[in-house]
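The values are calculated or read from the model by the stated rules, or taken from the named source; none is laboratory data. Because the structure is predicted, anything quoted here is derived from the model rather than measured. Virtual Cβ from ideal backbone geometry, glycine too; neighbours counted across all protein chains shown. Each accessible area value is taken on the protein alone, full model and side chains, heavy atoms only, with ligands, DNA and RNA left out. Shrake-Rupley method; radii C 1.70, N 1.55, O 1.52, S 1.80 Å.
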Amino acid sequence: MDVAALRPVGLTSERIAGGLLLSAEAGWNQVADDWRFMLGSGDGFGFADGSDRLVASGLTVEFPDYAWISMILVTPAWRRRGLATRLMQRCIDALDARGLVPALDASPAGREVYRRIGFRDVATSTRLGGDLGGAVPPADFELAALMPTDLAAVAVYDKASSGTNRAALLKHLRGRLLAAAFVARRHGAISGFVMARPGRLSAQIGPLVAEDDATAVALLARAGRAIGGPVCLDLFDERRAVRDWLDGHGFRPLTRFFRMVRGPAAIAPAVHRTYVIAGPELG
């Protein structure tokens, strides 16, 4: 098959079904709401075959200070034809034109490719899978359901760690799984929050941002108990105490991600409160 038979297409909400086929082929966890949010948050590029089937995709999820490149996917029959590289370049060019720093969470295989085009490592995370339905949240923490009236303050708290205003993303994620969205307070001030969303394979917890390990564990236990079934989450590898706690509850590593940024720019403070990322496709 010749790539000349393919045509470039812009991705809109009309391509959600095709995108879902690609992410399911890759064994990823996205559902239609994930694709809908991403397609409304930046640019979407792809290639379609003669029957108008989407065979490759690449998206940008844009924030005020940087942007995530995500969903670089190619259906198996069309892999190793340069499509992923072309889509990655389209995403980079679009972000360069807007003056946004490109960032991404790469798989181990993707990491080597991205290093060759100017991306560098800034952090690593591990996807862990398990079940926290039986976890008992500590009693000495002030945890409450995260309400719409909390979102503005939560976005400010999050910006101190993410390095940008993610208010739209946080509003979206809170609405995805209301029962698992919690905020922690200490002396009346926010000391952490957690959100989650349904997924194709399991519910996914993230982001989780907290002042310390104990608060992070309390939020995880509360969200996991609310979900009451299998979950996955992407924990920064530096969070050893929380990893030990999850290991003790039977969690197992599924894969790793390498957080990468193109060029010398920093996208977040060196000292941050993030424990669990929103997801490799969202940052």
Cα-based equivalent ellipsoid of segment 162-216: semi-axis lengths in Å, sorted from largest, via gyration tensor: 20, 14, 10
Å² of accessible area per residue within the chain, as computed with a 1.4 Å probe and no ligands counted: 42
task: Specify, per residue and in Å³, the volume enclosed by the convex hull of the alpha carbon atoms belonging to segment 49-172.
output: 196
- request: Determine the sum of side-chain charges near Pro148: Lys and Arg each +1, Asp and Glu each -1, restricted to other residues whose C-beta is under 12 angstrom from that of Pro148.
  value: +1
- prompt: Can you pull the three principal axis extents for the Cα set of the chain, in Å, largest first?
  reply: 63, 36, 33
query: Which value in nm describes the separation of the simple spin-label points at Leu201 and Leu178, placed 7 Å from the Cα toward the beta carbon?
result: 2.9
query: Starting at 0 and stepping by 5 Å, how many percent of the alpha carbon pairs of segment 230-275 end up in each bin?
result: 5, 16, 24, 22, 15, 10, 6, 2
Linear extension gain, Ala153 paired with Met1, 0.36 nm per residue minus alpha-carbon span: 49.4 nm
query: Stokes-Einstein D for segment 1-48 at 20 °C, 1.002 mPa s, Kirkwood Rh over Cα pairs, in µm²/s?
result: 187
- request: Could you tell me what percent of the DSSP beta bridges with both partners in the chain are antiparallel, to the nearest 5?
  value: 90
- request: Quick one: work out the % antiparallel among DSSP beta bridges in segment 129-283, nearest 5.
  value: 90
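Where Rh denotes the Kirkwood radius from the mean inverse Cα pair distance, what is Rg over Rh for segment 136-190? Please list the in-between numbers first.
Working: Rg = 11.7 Å, Rh = 12.0 Å.
Reported Rg/Rh (Cα atoms, Kirkwood Rh): 0.98.
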- request: Using the charge dipole of the chain (Lys, Arg: +1 at Cβ; Asp, Glu: -1 at Cβ; taken about the Cα centre), state which of His272, Gly10, Ile69 has its Cα farthest towards the positive end.
  value: Gly10
- line: If the chain between Asn165 and Asp140 were fully extended at 0.36 nm per residue, the gain over the current Cα-Cα distance would be 5.9 nm
- prompt: Toward the positive end of the charge dipole of the chain, about the Cα centre and with charges on Cβ (Lys, Arg +1; Asp, Glu -1), which of Ala223, Thr60, Met1 goes farthest?
  reply: Met1
statement: With -39,500 (n - 2.57) per DSSP H segment of 4 or more residues and division by the full residue count of the chain, the 222 nm estimate, nearest 500 deg cm²/dmol, is -9500 deg cm²/dmol
- prompt: Which percent of Cα-Cα pairs in segment 181-258 sits in each 10 Å bin, short to long?
  reply: 18, 54, 26, 3
- line: On the accessible surface of segment 14-58, probed at 1.4 Å with all protein chains in place, carbon and sulfur together account for a percent value of 52
statement: Burial-style ranking of 213-226, 19-32, average other-beta-carbon count within 10 Å with highest first, yields 213-226, 19-32
task: For segment 225-254 and segment 61-107, write down the distance between their C-alpha centroids in whole Å.
output: 28
- prompt: Under a point-charge model restricted to the Cβ atoms of Lys and Arg (+1) and Asp and Glu (-1), what is the dipole moment magnitude of the chain relative to its Cα centre, in debye to the nearest 20?
  reply: 380
Charge dipole (debye, nearest 20) of segment 40-159; +1 at Cβ of Lys and Arg, -1 at Cβ of Asp and Glu: 880
message: For a bin width of 10 Å, list the pair-distance distribution of segment 19-69 built from all Cα-Cα distances, rounded to whole %.
response: 23, 53, 22, 3
- prompt: Charges only on Cβ, +1 for Lys and Arg, -1 for Asp and Glu: so what's the dipole of segment 134-254 about the Cα centre, in debye to the nearest 20?
  reply: 520
